[in-house]
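Working notes for the structure below.
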Amino acid sequence: MSSQNLPVPDFARNMKLIGYSDQGGRPDGVQLMVNKGYAFTGHMFSKGFSVIDVRNPRDPKPVHYEPAPANTWNIHLQTHEDLLLVINARDMFASPEFQDEHHYYKGALGKKVGTADASPSVERDWTAGMAVYDIANPEEPRQIGFMPVEGGGVHRIWYVGGRWAYASVLLDGFTDYIFMTIDMADPTQPQEAGRYWLPGMNEAAGETPDWAPTRRNGLHHAIINGDTAYGAWRDAGLVMIDVADRASPKLITHRNWSPPFGGGTHNCLPLPERELLVVLDEAVLDNCEDGIKYIWMFDIREPSNPVSIATFPTPAEADYATKGAHFGPHNIHENRPDGLVSSDTIFATYQNAGIRVFDIRNAYRPEEIAAFVPPAPNRLVDHRPNRPKVIQSCDIWVSAEGLIYCNDYNGGLFILEYQG
């Protein structure tokens, strides 16, 4: 798309749009990775995943679309060198019971899907597990392996090469997503190695939750550094896990600040050289019904006692709380080794408030240094009823050179330069 035809932002500060793609007519995106000059994006509503050639970031070109199995979504994925890992799980937002998003974000998901009690009466018309693709040629992903799971499926994976991958998985008998370690020694035959869950989640074993039935106490995903997994456990907050023995993960500490805050913990990014942890709580309901959500800074010098020392500033140049749809954090760039790794700058998506960049050199006083708010999407791909036509910036990936790639639930792929 030529520069004169680029979307005009609603707001921009220290950021310039240089490229845009509607991803081959499938502008909805969830997780986004860039590998060898190609963007891989999982779709929420168009099903499957797409590959976009971004070797020329000013002229991105869709080159491949991979459809999902029936009744299955591929919203999250990971790339490293010649491997692509893609989640397979029940397509939740195609299900009648989740057309109102309250029902997805409130209460034990396994009980709503019907997998918590491992009842044989539940019809399994979806594919559940993790697919492995060879992407030596990024324009032609070739599936080489699959790890099936019994249950709702895999939600999100962490994989940055080597033997081990890590996933959040909705398994038969569990109330919500738990943590799993995966042995990738043979990528054509990935194997479960170990698992960890919060006590009370294993309903099949007779465990009883000690939290309110309206809460989503399930793992969104974990980021791993060394032998520690930093788990974002939605309404249960931060769960730090010792994974030195991948077959037997063990709890280090569990911290939760909900209530009084609104829950929805979504990312936990360690900054090991500074002994800090950036923790993001996702805004999951329209019009701030779940409260204003924050990105938190934790001091983790003592791993058994993480301490919150700051919150990031909330965008305030417009009235985003009443703009419609979700206002608040969703994702952060997770310092992947094939992209930018920074302990001083944090890149985040804020849904209807677009993309935000923060300077955290003073960990006690994070400052916003750049912002970009895309215009409203051309159309809604979201098929759920009564969804507002409002931008919802979703995921973000930053190259070592500082190019920013960001997608949206409806609005396509934006490629930005930081100009601060």
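Under the simplified labelling scheme, the residue 275-residue 211 pair shows an inter-label distance of 2.9 nm, with each label point 7 Å from Cα along Cα→Cβ.
If packing is taken as the average number of other Cβ atoms within 10 Å across a peptide's residues, how do 57-66, 148-157 rank, most packed first?
Details: 57-66: 17.5, 148-157: 22.1.
Highest-to-lowest ranking by the protection proxy: 148-157, 57-66.
Could you order the peptides 339-348, 84-93 from most to least packed, using the average number of other C-beta atoms within 10 Å per residue? Intermediate results must be reported in sequence, preceding the final value.
On the way: 339-348: 18.2, 84-93: 24.1.
Packing order, densest peptide first, comes out as 84-93, 339-348.
For the set 16/61; 112/389; 323/389; 293/323; 47/389; 36/61, the pairs lying more than 22 angstrom apart at their alpha carbons are 112/389. Taking amide H atoms as placed 1.01 Å from N in the peptide plane, the amide H of residue 150 lies under 5 Å from those of 172, each 5 or more residues away in sequence or on another chain. Summary of packing: across the peptides 129-140, 395-406, the per-residue average of other C-beta atoms within 10 Å ranks them, highest first, as 395-406, 129-140. For residue 294, the residues 5 or more places off, or on other chains, whose built amide H falls under 5 Å of its own are 281. All Cα-Cα separations within the chain were binned at 10 Å from zero, giving a P(r) of 5, 24, 35, 28, 8, 1, 0, each value a whole percent of the pairs.
Per-residue 3J(HN,Hα) values for segment 274-290, derived from phi via the Karplus relation 6.51 cos²θ - 1.76 cosθ + 1.60 with θ = phi - 60°, read 10, 6, 10, 9, 9, 10, 10, 9, 7, 7, 10, 10, 5, 6, 6, 4, 8 Hz in sequence order (x marks Gly and Pro).
Computed over segment 89-128, the P(r) tail beyond 16 angstrom holds 33 percent of alpha carbon pairs. A straight chain from residue 55 to residue 364 at 0.36 nm per residue would run longer than the Cα-Cα distance by 107.5 nm. A crude spin-label estimate for the pair residue 136 and residue 122, with each label 7 Å from Cα along the Cβ direction, gives 3.9 nm.
Throughout, read-outs are computed from the coordinates displayed, never taken from laboratory work. Source: prediction; values computed, not measured. Note that each Cβ is placed from the backbone with ideal geometry, even for glycine, and that neighbours are counted across all protein chains shown.
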